[in-house]
Each structure stands twice: as structure tokens, then as C-alpha cells.
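Down below is the structure, laid out as C-alpha cells.
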Amino acid sequence: MNQKTTSMEKVQATLEYSLHLEQFQNPISLRSGCWQIKTSFEVQTIIPHTIEARIFHTKDDLAYPATVDGSVLSSSEFKIFTTKHAVTIDDVVIYRVNILLDESKIEETLNSLESKMKFDIYYAELNERKNLTPICSEDMTLHFNLHRGIHGHMNIVFKTLSKLSVNVHGLLVVLQPPLKNFPEKSSVFTRLLPNRWTKAKIPTLESVIFGKDFKTKLAADVSKKHEFVFETSRG
């Protein structure tokens, strides 16, 4: 007897992470100088994905504002003359992750997704900014949660006792058919996708987060009561 084989449909999930570099303080300063924070971002998975970065906010009228190169953020450069006060950086970068998922394993895959941010401190003597050199680094691991996302304020403490205050947020923002035109380095997308990609039934964000019966139950409640509430179960 011939057994029918079915291939899993592929969907593209788009996640967005925002990183806000708030303040930097160096209680044991080497000496007065120029400082910069470089942050790299990577998703720790073998699942095909791409990462794009863009500056969302940086201070105006700076000689050397924040920039991005690939998935690396270079903060705006700042100078420290005293260790008594924290220096406000106020740079925000948005990382957009496009990742290819099996339609039946969206929640499972996203809830096991880990990413890493690496923070490097660069230093140079005053008036020698071209000689900015890394002096220490720290890593931060992020665990994604489909239902809660990622929302947190953290203080990154380095071996030099320098402290970097950051805010991090992460959310699933889009589920859609896989894009036809991905960057060449991620051409594995086009090799994995079926030719019938436009016919794939893409689950909605509501069905992924609240369950497949969410709309049916909601419609029934609205038709009976003309209103709806979210219910929580108690153990």
C-alpha cells in the first residue's frame, strides 16, 4: 500500500528586538578619555534566518553618533572626565530577525529560541579617538517567549566594574509566507521552500498566541453577549 507523505509548510516569522543603551558608569576609571560601546547580536540556532539592524534613536548634533554595520551597533562616542556620575548614552537600535519555521512547530520553536548580545567597551585617550581599542566585554543571553515576549531592564557589569544600563524588548510582529527574495547569503530559504508557497495557509498571530479556536470562541461570545472577556483558569 502506498503511504502518502506530506511536507511541512514553511512560514516566515519576523521578530523585533529593541536595545536601548541608557547609561554607562566607570567607577574605577583608567583615566579621562573617549569611550564607545559596540554590541553584536546573534540568534543561536541552525534554522535559516537573517538579521537586520537599524538605528531607531541617537542624540542630535553629535560629532560621532551611533551607527550599525551588519548586526553590530557602535554607540555614539562619549567622553568621561570624572567617575562620580553616570554618562547618558541614549542610543536605541532595532534588530529585525526573519526566521523560517515549520507551520506546525511555531510555538515550540520560538519558545526554545535563544539569542546573544555581546557588549564590548572601547577606550582611547582624549583627542585620540582613532585609536579606540577594546578593553573588556560581557555577554547577555535572551530567552524568547511567544506569549510574554522579552521585556527587561538590566545592568551589565564588566570586569573593570564598569556598569552599562540597558533596556531590551522583543516581540513576534509578523507571520507570513516566506519572502521570495532573500539576501544571497540566506539562499537556503529558496531551496527549502515548496513551489506552492503562495498557497500555504499561514496561521494568524491570534491563533498562534491564543490557540486555533480563539476566533471561533470569540465570535460565539460576541453573538450571545455582544461582549467578550479573557478568562483565566485557576488551579
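The values are calculated or read from the model by the stated rules, or taken from the named source; none is laboratory data. Since this is a predicted model, take the numbers as computed values, not measurements. All Cβ positions, even for glycine, are placed from backbone atoms using ideal geometry, and neighbour counts span all protein chains on display.
When Ser76 is tested against (1) surrounded by fewer than 18 Cβ atoms within 10 Å (Cβ to Cβ); (2) over 12 Å from the mean Cα position of the chain (by Cα); (3) polar (S, T, N, Q), only condition (1) is not met.
Out of the residues in segment 128-166 meeting the condition of being touching a Cys at 6+ places or on another chain (Cβ under 8 Å) and part of a loop (DSSP other than H, G, I, E, B), tell me which one is surrounded by the most Cβ atoms within 10 Å (Cβ to Cβ). That would be Ser162. Go through segment 37-61 and report how many residues are farther than 23 Å from Gln12 by Cα, outside any strand (DSSP E or B) and either touching a Leu at 6+ places or on another chain (Cβ under 9 Å) or in contact (Cβ under 8 Å) with a residue 24 or more places away in the chain (or both). Residues in segment 37-61 being farther than 23 Å from Gln12 by Cα, outside any strand (DSSP E or B) and either touching a Leu at 6+ places or on another chain (Cβ under 9 Å) or in contact (Cβ under 8 Å) with a residue 24 or more places away in the chain (or both): 2 in total. Against the definition (modelled with pLDDT of 90 or more and surrounded by 21 or more Cβ atoms within 10 Å (Cβ to Cβ)), how does Val97 come out, yes or no? Yes; evaluated as a whole, the condition is true for this residue.
With the condition kept exactly as written, say whether any residue in segment 118-126 is farther than 25 Å from Ser75 by Cβ, in the same structural domain as Gly33 (by TED's automatic domain parsing), touching a Lys or Arg at 6+ places or on another chain (Cβ under 7 Å) and touching a residue at least 12 places away in the same chain (Cβ under 8 Å). No - not one qualifying residue is present in segment 118-126. In this structure, Thr83 does satisfy being surrounded by fewer than 19 Cβ atoms within 10 Å (Cβ to Cβ), of a type in the set (Val, Ile, Thr), at pLDDT below 90 and in contact with a strand residue (DSSP E or B) (Cβ under 8 Å, 6 or more places away or on another chain).
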